[in-house]
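Visitor: There's a structure below that I have some questions on.
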Amino acid sequence: MSTITLTIDDQVVEVEAGTTILEAARQAGVEIPTLCYHPDLSLHGSCRVCVVEDLSSHRLLASCAVPAGEGMKISTRSAKARKARKMNIELLLANHPADCLGCDRSGSCELQELTYNLGITRESVDRFAGERRSLPLDTQGAALKRDPNKCILCGRCVRVCEEIQGLGALEFSGRGFDSIVTTAFDLPQSEINCAKCGQCAAVCPVGAITEVSSIAKVWAALADPDKHVVVQTAPSIQVSIGDEFGLEPGAVITGKLIAALRRLGFHKVFSTEFSADLTILEEGNEFISRIKGNKNLPHITSCCPGWVKYAEQNYPDLLNHLSTAKSPQQMFSTIVKTYYAEQAEIAPENIFTVSIMPCTAKKFEAAREEHRDSGFQDTDAVLTTRELARMIKEAGIDFVNLPEDSYDQLMGETTGAATIFGTTGGVTEAALRTVKEVLTGEPLEKLNLGIMGVREAEVEITGRTYKVAVVSGLANAAQVLDQVRAGESEYDWIEVMACPHGCVGGGGQPIPTTLEVKKKRAQGLASIDQSNAIRKSHENPDVLRLYEQYLGEPLGGKSHHLLHTSYRVR
Ligand code: FES
């Protein structure tokens, strides 16, 4: 490894050749502000907020884009660098609504933070006052909304959609003052080839793309004396919401999460893990029957709604490969308004179902016309992790010091298999734990799939070797799906998650969600799995009772009506 030695703010720093000045500074513990830079995306180098001064030439360099050079002497805080950096932010603010009070990202906005940190004042911005953009808002979708007036043209959303998701649903248009980020043909985002995964919102440094908020709707239901409000929490929330309250990423806070939901006034608090296990029983049996009939293989999972919408738009010819089992969110809500309503003797029209999800596409999924099998809209409201954190803060709940609480009975039992749904590979491992044991009576060996890119594994069951693929990020998924389309795939089972690394990296998770943070969340889920006495879906006592008392058997008539769905070409 060849190295380079340079000086940054009088510190001698030795780094690997090819390291940028920004990376070199960070390795030396020197923080340089950035805006268009994102560690998971390609370089853009447009905002010039990261400028530093080269003390030999006195030139300003964009530190995120310029490699460190041998013998360089860099100042990150010279008067020249600070003045330029500040002016670049002032110019952005001069064409920005600056309505921080009403912005969803107030408190987590990178522009707001930089404005404060760089000592920018109203007067310093007003010297650049001039014409401002006044663009229409894009607010018709069920999952995401856009305010192009807040956009600072950093291009992070454009890059994540193109590079990680392979969709290119957003693009730059216009020149100079008229430059904007928009959709193809300027169509509303509800009408374009968008998966609703929310990765654009997750990387946006400001409030230009955010989830459609369901907070007011949930507060209204909680305040309605005629409503019985039931909440479900997705597996990954218990290792991610703590970030919003300053806890260590990946910290397991299940008990505090339940306690917070009770204090908010939810009448019953259940876990989506109950219905993740139910999904495994339905989907596992569906897989077995496809194998036996040699039909619709490879079997492709369908619990990620971003992936399902992407498939409906981009791989309509492969829809018969998707499992017809509903996602855990939708199974849960349907069962609440049927089985639970019957057991609790509450009229389903008086039940309001809320789900806490790491995901923006779950909002789109809940609104789909197909999801009314209970006779009502099955899921009434979806809150992202971020939205729930906002409600907890608004209610003045001291989250960190809450006592531990536990899920309600009837649909509150969880298994290790269901917990790992929250990370890429989890659905596959959970399904194979059940499929192998049901078919052979022997337990599955640990798959050890990791969380990166496209992964493969082989599992032997009753003398046959099954080849499985696990993929996250839609650009990665496209590689595998193109093989299936071309008839070149050798897989029996393919798991697809739209968001990179699965739900731990979902578009509704706390911002920022870096690779390091995602790894810690995945470790948190693995630790819950390992410490649970029940680690297989087919051993969940609440699920077994549900079949015994209400559904009959997996893939039976009632199960098929309530727990399975269909897809459509978009
Ligand atoms: Fe370096 Fe934007 S962060 S140019």
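The values are calculated or read from the model by the stated rules, or taken from the named source; none is laboratory data. Every value quoted in this text rests on a predicted model; they were computed, and no experiment measured them. FYI the Cβ positions are ideal-geometry reconstructions off the backbone, even for glycines, and counts take in every protein chain you see. The accessibility values were calculated without ligands, DNA or RNA, using every heavy atom of the protein model including side chains. Shrake-Rupley method; radii C 1.70, N 1.55, O 1.52, S 1.80 Å.
Visitor: For the chain, take the longest principal axis of its alpha carbons; what is the angle in degrees between that and the long axis of helix 272-293, to the nearest 10 within 0 to 90?
Guide: For helix 272-293, the angle is close to 70 degrees.
Visitor: Given a 1.4 angstrom probe, I'd like the percentage of the accessible area of the chain that is carbon and sulfur, rounded to a whole number.
Guide: Here it works out to 49 percent.
Visitor: Sticking with this structure for a sec: If you take the Cα Rg of segment 167-272 and divide it by 2.2 N^0.38 Å, with N the number of residues, what do you get?
Guide: Relative to the rule-of-thumb radius for its length, segment 167-272 sits at 1.45.
Visitor: At 10 °C and a viscosity of 1.306 mPa s, what translational diffusion coefficient does Stokes-Einstein give for segment 54-208, taking Rh as the Kirkwood radius over Cα pairs? Give it in µm²/s as a whole number.
Guide: 91
Visitor: Grab the other residues whose beta carbon is less than 15 angstrom from that of residue 555, score K and R as +1, D and E as -1, and report the net.
Guide: Net local charge, residue 555 excluded: +1.
Visitor: Now for a different question. So what's the back-of-envelope 222 nm ellipticity for the chain, counting only DSSP H runs of four-plus at -39500 (n - 2.57) apiece and dividing by all residues, rounded to 500?
Guide: -9500 deg cm²/dmol
Visitor: Let me ask another. Report P(r) for segment 427-570: all Cα-Cα distances, bin width 5 Å, range 0 to the bin holding the largest distance, values in whole percent.
Guide: P(r) for segment 427-570, in whole percents per bin: 2, 8, 13, 16, 18, 19, 16, 7, 2, 0.
Visitor: On a full-extension model of 0.36 nm per residue, what is the gain between residue 317 and residue 558, subtracting their alpha-carbon distance, rounded to one decimal in nm?
Guide: Residue separation times 0.36 nm, minus the Cα-Cα distance, leaves 83.9 nm.
Visitor: Show the residues, 5+ positions off or on another chain, whose built amide H is closer than 5 Å to the amide H of residue 491.
Guide: Amide H neighbours of residue 491: none.
Visitor: Restricting attention to segment 1-109, which trypsin sites (Lys or Arg not before Pro) occupy a DSSP loop and are surrounded by at most 15 other Cβ atoms within 10 Å?
Guide: 77
Visitor: Taking only the alpha carbons of segment 1-98, what extent do you get along each of the three principal axes, in Å, biggest first?
Guide: 47, 31, 21
Visitor: Still on this structure: In a Debye calculation with equal point scatterers on the alpha-carbon sites of the chain and no solvent, what is log10 I(q)/I(0) at q = 0.06 Å⁻¹?
Guide: Log-scaled intensity ratios, in q order: -0.32.
Visitor: Largest first, please: the extent of the C-alpha atoms of segment 311-406 along each principal axis, to the nearest Å.
Guide: 51, 35, 20
Visitor: So which GluC sites (Glu not before Pro) in segment 33-100 are both in a DSSP loop and have at most 13 other Cβ atoms within 10 Å of their Cβ?
Guide: Here the sparse-neighbourhood loop sites are 70.
Visitor: Another question, then. What share of Cα pairs, in percent, lie more than 16 angstrom apart in segment 257-303?
Guide: That fraction is 56 percent.
Visitor: Can you give me the Kirkwood hydrodynamic radius for segment 383-457, using every pair of distinct Cα atoms, in Å to one decimal?
Guide: 15.8 Å is the Kirkwood radius here.
Visitor: At 20 °C and 1.002 mPa s, what whole-number value in µm²/s does Stokes-Einstein give for the translational diffusion of segment 46-140, with Rh from the Kirkwood sum over Cα pairs?
Guide: In µm²/s, the coefficient rounds to 141.
Visitor: Whole Å is fine, so just give me how far the alpha carbon centre of segment 221-300 lies from that of segment 504-556.
Guide: 7
Visitor: Let me ask you something else. I need the fraction of alpha carbon pairs in segment 400-439 separated by more than 14 Å, rounded to a whole percent.
Guide: That fraction is 62 percent.
Visitor: In whole Å, what are the extents of segment 113-172 along the principal axes defined by its C-alpha atoms, from largest to smallest?
Guide: Sorted largest first, the three principal extents are 42, 24, 21 Å.
Visitor: In degrees from 0 to 90, rounded to the nearest 10, what is the angle of the helix 254-264 Cα long axis to the longest principal axis of the chain?
Guide: 90
Visitor: Let me ask you something else. Using only the alpha-carbon atoms, how far is helix 426-440 inclined from the longest principal axis of the chain? Give it as 0 to 90 degrees, nearest 10.
Guide: 30
Visitor: Using the basic label-point model (7 angstrom from Cα toward the beta carbon), what is the residue 101 to residue 475 distance in nanometres?
Guide: Rounded to a tenth, the inter-label distance reads 4.2 nm.
Visitor: Whole-Hz ³J(HN,Hα) for each residue in segment 310-317, computed from phi via Karplus 6.51 cos²θ - 1.76 cosθ + 1.60 with θ = phi - 60°, x for glycine and proline: what do you get?
Guide: Result, ordered by residue: 4, 5, 4, 8, 10, 10, x, 6 Hz.
Visitor: Quick check: the distance between the Cα centres of segment 416-435 and segment 377-393, to the nearest angstrom?
Guide: Centre-to-centre distance over Cα atoms comes out at 24 Å.
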